[in-house]
Amino acid sequence: MNQIFEASHTYKLKGMDKYLTVVEENGRRHYKAYIADRLDGEWTPIADTAERPFAGWKNVRPAPGVEPWTDNVSHGELIRDGYDQTLTVDPEDLRFLFQGMWNKNKSGRGYGQFQWRIGMLTPAGTRRAQTFRAAEPCEPRVIVLTDIGGDPDDQQSMVRFLVYSNEFEVEGLIATTSGWKSESEAVHPGNRTEQHGVTS
């Protein structure tokens, strides 16, 4: 791989003996993509430049009726075909959840002041019948530990979790952090309700 930045995810491709890794690039945010036959194998770039990205300002267009609102594709994650540790995605039903904003609106602001919006990318020119699967007899029970309010990335992670929350039986959301943060940087449990509409 050439230069990489952050927010990488590695997925198993459903029905194929292949793996896909996507990696976010800095600056005007966009995603690169690499493919391999094995997790420890040689990773081949399939979209690894700003001019030819996996997802970026060069190949993302708004859906019909939607006004353009971003030229950044950041903190993205493919919607998985299940919820186990393999992170399997269906190559016939790719959907990419991301946050975006105009690059010009970053000027003069710190990262925590960026006004990100959430969006969903789907491949252009495809039509798929909507399918419904029977629910599992019971969902996995989870308790989420979060230092929400202490770091913007953790607020974004909570948004991603809530997108999948129908797949789980959520027993609790607990605001916590390690002991090194100062009082001014500490967690703020009330943000769960204020920012995400989650009740205690």
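The values are calculated or read from the model by the stated rules, or taken from the named source; none is laboratory data. Note that the structure is predicted; figures quoted are calculated from it, not measured. Cβ coordinates were reconstructed from backbone atoms using ideal geometry, including for glycine residues, and neighbour counts include every protein chain displayed. The protein model used for the area step is the full one, side chains on, heavy atoms only, and it has no ligands, DNA or RNA in it. Shrake-Rupley method; radii C 1.70, N 1.55, O 1.52, S 1.80 Å.
Please find, within the stretch 111-159, the residue that is modelled with the highest pLDDT out of those that are touching a strand residue (DSSP E or B) at 6+ places or on another chain (Cβ under 9 Å), open to solvent by 90 Å² or more (accessible area, probe 1.4 Å) and under 27 Å from residue 172 (Cβ atoms).
The residue in question is 118.
So, in the stretch 27-53, exactly how many residues are in contact with a Leu (Cβ under 9 Å, 6 or more places away or on another chain) and either acidic (Asp, Glu) or closer than 30 Å to residue 101 by Cα (or both)? Steps first, answer last, please.
Within the stretch 27-53, the first condition is being in contact with a Leu (Cβ under 9 Å, 6 or more places away or on another chain), and the residues that meet it are 33-36, 46.
Of the ones still in play, those that are also either acidic (Asp, Glu) or closer than 30 Å to residue 101 by Cα (or both) are 33-35, 46.
The total comes to 4.
From the residues in the stretch 89-105 that are more than 21 Å from residue 158 (Cα to Cα) and of a type outside the set (A, V, I, L, M, F, W, C), which one is most open to solvent (accessible area, probe 1.4 Å)?
Checking each candidate, the answer is 104.
Test residue 24 against the criterion of being out of contact with any Leu (no Cβ under 7 Å at 6 or more places or on another chain), buried (at least 19 other Cβ atoms within 10 Å of the Cβ) and either without any contact (Cβ under 8 Å) to a residue 12 or more places away in the chain or within 27 Å of residue 165 (Cβ to Cβ) (or both), and give yes or no. Don't jump to the end; show me each part of the working.
Values: out of contact with any Leu (no Cβ under 7 Å at 6 or more places or on another chain): yes; buried (at least 19 other Cβ atoms within 10 Å of the Cβ): yes; either without any contact (Cβ under 8 Å) to a residue 12 or more places away in the chain or within 27 Å of residue 165 (Cβ to Cβ) (or both): yes.
It is true that residue 24 is out of contact with any Leu (no Cβ under 7 Å at 6 or more places or on another chain), buried (at least 19 other Cβ atoms within 10 Å of the Cβ) and either without any contact (Cβ under 8 Å) to a residue 12 or more places away in the chain or within 27 Å of residue 165 (Cβ to Cβ) (or both).
May I ask you to verify whether residue 108 is over 20 Å from the mean Cα position of the chain (by Cα), over 17 Å from residue 68 (Cα atoms), open to solvent by 60 Å² or more (accessible area, probe 1.4 Å) and modelled with pLDDT of 90 or more? Reasoning before the result, please.
Working: over 20 Å from the mean Cα position of the chain (by Cα): yes; over 17 Å from residue 68 (Cα atoms): yes; open to solvent by 60 Å² or more (accessible area, probe 1.4 Å): yes; modelled with pLDDT of 90 or more: yes.
Yes; evaluated as a whole, the condition is true for this residue.
Which one is modelled with the lowest pLDDT among residues in the stretch 162-179 that are surrounded by 13 or more Cβ atoms within 10 Å (Cβ to Cβ) and in a loop (DSSP other than H, G, I, E, B)?
Filtering the stretch 162-179 for residues that are surrounded by 13 or more Cβ atoms within 10 Å (Cβ to Cβ) and in a loop (DSSP other than H, G, I, E, B), the one modelled with the lowest pLDDT comes out as 177.
Taking residue 84, is it open to solvent by 50 Å² or more (accessible area, probe 1.4 Å), part of a loop (DSSP other than H, G, I, E, B) and out of contact with any Pro (no Cβ under 6 Å at 6 or more places or on another chain)? So that I can check it myself, show each step before the final result.
Details: open to solvent by 50 Å² or more (accessible area, probe 1.4 Å): yes; part of a loop (DSSP other than H, G, I, E, B): yes; out of contact with any Pro (no Cβ under 6 Å at 6 or more places or on another chain): yes.
Considered against the rule, which asks whether it is open to solvent by 50 Å² or more (accessible area, probe 1.4 Å), part of a loop (DSSP other than H, G, I, E, B) and out of contact with any Pro (no Cβ under 6 Å at 6 or more places or on another chain), residue 84 comes out as yes.
Is the stretch 30-43 home to any residue that is assigned to a loop (DSSP other than H, G, I, E, B), under 20 Å from the mean Cα position of the chain (by Cα), of a type outside the set (S, T, N, Q) and surrounded by 15 or more Cβ atoms within 10 Å (Cβ to Cβ)? Break it down stepwise before answering.
Of the residues in the stretch 30-43, the ones assigned to a loop (DSSP other than H, G, I, E, B) are 37-43.
The next check asks that each one be under 20 Å from the mean Cα position of the chain (by Cα); those that pass are none.
Within the stretch 30-43 (the criterion being assigned to a loop (DSSP other than H, G, I, E, B), under 20 Å from the mean Cα position of the chain (by Cα), of a type outside the set (S, T, N, Q) and surrounded by 15 or more Cβ atoms within 10 Å (Cβ to Cβ)), the answer is no, since none of the residues qualifies.
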